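The values are calculated or read from the model by the stated rules, or taken from the named source; none is laboratory data. Note that the coordinates shown come from a computational prediction; the quantities given were computed from them, not determined experimentally. Neighbour counts run over all protein chains shown; Cβ positions are idealised from the backbone, glycine included.
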Amino acid sequence: MLRDLLLEPPTRTRQQERANDLIWEYRDLYASRFDYEDDRLPAERQERLDFIRLELEEMGYCL
């Protein structure tokens, strides 16, 4: 039984997949702030960043 568990690749839940996608999007948005003057994102992008942060916190992740 343990051998079978070790041979099977780990599977992710839909929530884990969603969280992974959000984390990558957050990382990309956060890094893109250096493309703008004063290292500040435009309001629309900042709102998306805040939304992602809140959604991840609701899932139990902490950034």
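A few remarks follow.
- Qualifying positions in region 23-63 - modelled with pLDDT under 90, touching a helix residue (DSSP H, G or I) at 6+ places or on another chain (Cβ under 7 Å) and either part of a helix (DSSP H, G or I) or among the basic types (K, R) (or both): R33, D39, R40
- Considering only residues in region 9-48 that are out of contact with any Pro (no Cβ under 8 Å at 6 or more places or on another chain) and aromatic (F, W, Y), the one that is surrounded by the most Cβ atoms within 10 Å (Cβ to Cβ) turns out to be Y26.
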